[in-house]
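First comes the structure, then the notes that go with it.
The values are calculated or read from the model by the stated rules, or taken from the named source; none is laboratory data. The structure presented is a predicted model; accordingly, all values stated were derived computationally and were not measured. FYI the Cβ positions are ideal-geometry reconstructions off the backbone, even for glycines, and counts take in every protein chain you see. The protein model used for the area step is the full one, side chains on, heavy atoms only, and it has no ligands, DNA or RNA in it. Shrake-Rupley method; radii C 1.70, N 1.55, O 1.52, S 1.80 Å.
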Amino acid sequence: MTQPTEFNYEIKGQPDFSYLTVHLEAGQTIKAEASAMTSMDTNISMATKFKGGFKRFFGGESIFINEFTADQFAGQLTLAGGVMGDIVPVHLDNQTIFIQSGGFLASGMGIQVDTKWQGMIKGFFSGAGLFLLKCSGKGDVFMSTFGGLIPIEVNGDYVVDNNHLVAFTEGLEYNITKVAGYKSFFFSGEGLVTRFTGQGRVWVQTHQYPAFASWIWPFRPQRNSN
């Protein structure tokens, strides 16, 4: 996989507060997750499309995707993820990657965004939901994360905490398992993990939602009993 070449773009605010600026040529279109647009030039038009059906809904994504087109002349579009974190571009050349719920931000029109059923066992325990987003084809894909994003080349076996996993390439086999015995499972703070086998790439985010939720829980507003 190579750096994106389809769009002229900039990513600023990395790695914690990233936003993506895409410079669209006249007639060029990019599709983005619902609610991702933060600003755009007035000559850019937006069309909302029903994509992926209710499988996308069960995958944790909106059932709608917005398509932004620069009409008549070039324009600038700014996109951002839903949480504090990074944005990472990937160029697919007739390849496929699988992305966890909430990880897809935008892509070129040559990328087919579909869903992959994980099965009840993998889906229930993986932390990514019953469905993964399947991005395949030729073009640019932009992923958003919670925290920074680290690409890791896998050649053999590799283990990733389920809450830190963002995406992985097609061809990698994976299973959901415990990192150690039951004592470690309940008391170490390390829960279920995804064990990959084969050759490919995984993307790991530096933060995870359950740990962040536990951290902010003591600071939540509380109703006074009086």
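Descriptive notes on the structure:
- Between residue 8 and residue 67, the simple label model (points 7 Å from Cα in the Cβ direction) yields a spacing of 2.3 nm.
- Gain on full extension, evaluated as 0.36 nm per residue between residue 109 and residue 159 minus their Cα-Cα distance, stands at 14.7 nm.
- When 49, 12 are compared by accessible surface with a 1.4 Å probe, the order from highest to lowest is 12, 49.
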